[in-house]
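Visitor: I'd like to ask you about the structure that follows.
The values are calculated or read from the model by the stated rules, or taken from the named source; none is laboratory data. Note that this is a predicted model, so its numbers are computed, not measured. Cβ: placed from backbone, ideal geometry, glycine included. Neighbour counts: every protein chain shown. Note: areas computed on protein heavy atoms with side chains; ligands, DNA, RNA excluded. Shrake-Rupley method; radii C 1.70, N 1.55, O 1.52, S 1.80 Å.
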Amino acid sequence: MSILAPLHLDLLERQAIELPSWAFGNSGTRFRVFGTPGTPRDPFEKIADAAQVHRHTALAPTVALHIPWDMCDFGDLRKHAEDHGVALGTINSNTFQDEDYKFGALTHEDGRIRQKAIDHHFACIDVMNETGSRDLKIWLAEGSNYPGQADMRGRQDRLHDSLAAIYARLGDDQRLVLEYKFFEPAFYHTDVPDWGTSYAQVAALGDKAMVCLDTGHHAPGTNIEFIVMQLLRLGKLGSFDFNSRFYADDDLIVGAADPFQLFRILFEVVRGGGLNNPDVAFMLDQCHNVEDKIPGQIRSVLNVQEMTARALLVDRDALAAAQKAGDVLTANAVFMDAFYTDVRPALADWRESRGLPADPMAAYAASGYQQRIAAERVGGVQAGWGA
C-alpha cells in the first residue's frame, strides 16, 4: 500500500470508465459473428452484465448505448440500470447500416438523405432526454474509395451544415462529441480521418462540441499521447474510446498490445488535467471476439486503473528538473521507473480495504454468474454486432 500515496488513492477512488453496451453482445471477425452461451438478448440483459463489472471493480458506473441497436422503453431501461447500481451514459448514433448511406449520410449529395441522417441524430437527442445522458457521440463511416469519386471539399461543407443542425438541437447541458478514424470503410479518403479534422469541425460549432479519441483509430507509428496532450491543451478532448490494436481498428482489450502506450497516454491525461475531469469521459470501445464478454470488460477497466496508478507515480518534479537541465537519461529513467513499478499488490490491498474483491477476475469466475446466465438465457435472439 505504501507504493500509492493517499493523494493517489483519492484520485483512483474517483476514476470512472464507461462500458459500451455492444461489448456484451456477440461479435467476431469480418467473416463470422460467433455466438456464446449467456449472451444478452436485449438491452436490459446488457445492462445487467455491465453491472457485474461495476460490482466487482467499482470502476464502471455508466453504460453507453448505441441507437438503434439498443432501442427499447428508455424510461424502463433507466430504472433497470439504477436498480442494478449503474446509470445510462453516452448515446452513440448509427448512420452506417442503412442502404441510403452507401455514399454518405451527413455528407451525402442528396439533401433528402442528409436530412434522414440529421433526423436520426434528433431521435438520439430525444433518447438522451429520456435517459439523462449528456453526450451524443458521432462516428461517421463516410468517404470515398477512388480519386475523383467525390468532392472532398463539398463534403466538408455539407458535414458542417449537418453537424450545425444537430448541434442546435442539443440541450444546455448536452454535448456533441465527434469521433475520427483514418480509414475504413472508405479507403481513398475519409471525411473525418484525424483529430485535426474533428477539431476543425467541432471548433466551428461551439463550446458544447468536442473531439472523441479512439486509441485504435490511428495509423501505425502515430504518437497518440501527443494528440491527447494537444487536445487537452486546446480544451477540446471530450472523451476517450479505449481499446488496443496490433494492425488497425482491432478493438481489443485496452493495453493488450502495448501497455507502455497506455501508460504514456495516461501520463499525458494526468499532466494535462484530464484525470477525473468531468469534461473528459473515459469509455471502452471493444468487441470481444474470442474471450468471454464480462471478464473481458473487467480486465480492461483494471488495465486502465493499473496504468493510471503507474502514471500517478511519475515524479513530476524530478522529471521537470531533468528536462530543464537537458538530462536525457535521468528524465527517461524517472519515466521508466514509474512504468516498471508493479502496482497490482497495492491495488489488491486497497480494493479489499474498500470491501471489493482483491482479484476481481477470480471473484467473477467464482461468482457463478456466467454459468447462471448461460442456463437462463436460452431462446430468443442473442444480441450481436449491429443488432
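Visitor: Could you tell me which of Gln115, Leu11, Ile125 has its Cα farthest along the dipole of the chain towards the positive end, charges placed at Cβ (Lys, Arg +1; Asp, Glu -1), taken about the Cα centre?
Guide: Leu11
Visitor: Leaving out same-chain residues fewer than 8 places away, which aspartates and glutamates sit with a Cα under 17 Å from that of Lys324?
Guide: Asp315
Visitor: Continuing with this model, one more query. Is it possible to state the helix-based mean residue ellipticity at 222 nm for the chain, with each DSSP H run of 4+ residues giving -39500 (n - 2.57), the sum divided by total residues, to the nearest 500 deg cm²/dmol? What is it?
Guide: Calculated from helices alone, the mean residue ellipticity at 222 nm is -14000 deg cm²/dmol.
Visitor: Right, here's the next one. For region 211-295, what is the convex hull volume of the alpha-carbon atoms per residue, in Å³?
Guide: 91 Å³
Visitor: Roughly how many whole Å is it from the C-alpha centroid of region 104-129 to that of region 279-338?
Guide: What the calculation gives is 37 Å, centre to centre.
Visitor: Also, I was wondering about something else. What number in nm² do you get for region 49-93 if you take the convex hull of its Cα atoms and divide its surface by four?
Guide: Taking a quarter of the hull surface, the average projection is 3.0 nm².
Visitor: Whenever you get a sec, compute what percent of the accessible area on the chain sits on carbon and sulfur atoms (1.4 Å probe).
Guide: Answer for the chain: carbon and sulfur cover 53 percent of the accessible area.
Visitor: Another one. For the chain, what does the accessible surface come to per residue with a 1.4 Å probe? Please give it in Å².
Guide: For the chain, the solvent-accessible area averages 43 Å² per residue.
Visitor: Just to be sure I understand: of the beta bridges DSSP finds with both ends in region 177-306, what percent are antiparallel, rounded to 5?
Guide: 10 percent
Visitor: Multiplying the sequence separation of Phe96 and Ser367 by 0.36 nm and subtracting their Cα-Cα distance, what value in nm do you get?
Guide: Stretched fully, the Phe96-Ser367 segment lengthens by 93.7 nm.
Visitor: Can you put Val192, Val33 in order of accessible area, largest first, using a 1.4 Å probe?
Guide: Solvent-accessible surface, decreasing: Val33, Val192.
Visitor: Among Val202, Phe34, Ala320, flag the residue with its Cα farthest along the positive direction of the charge dipole of the chain, charges on Cβ as +1 for Lys/Arg and -1 for Asp/Glu.
Guide: Most positive-ward Cα: Ala320.
Visitor: Further, regarding this structure: Quick one: of Lys79/Lys116; Lys46/Lys79; Lys46/Lys208; Lys181/Lys293, which pairs are farther than 21 Å apart, Cα to Cα?
Guide: Lys79/Lys116; Lys46/Lys208; Lys181/Lys293
Visitor: Along each of its three principal axes, how wide is the spread of alpha-carbon positions in the chain, in whole angstrom units, largest first?
Guide: 62, 59, 41
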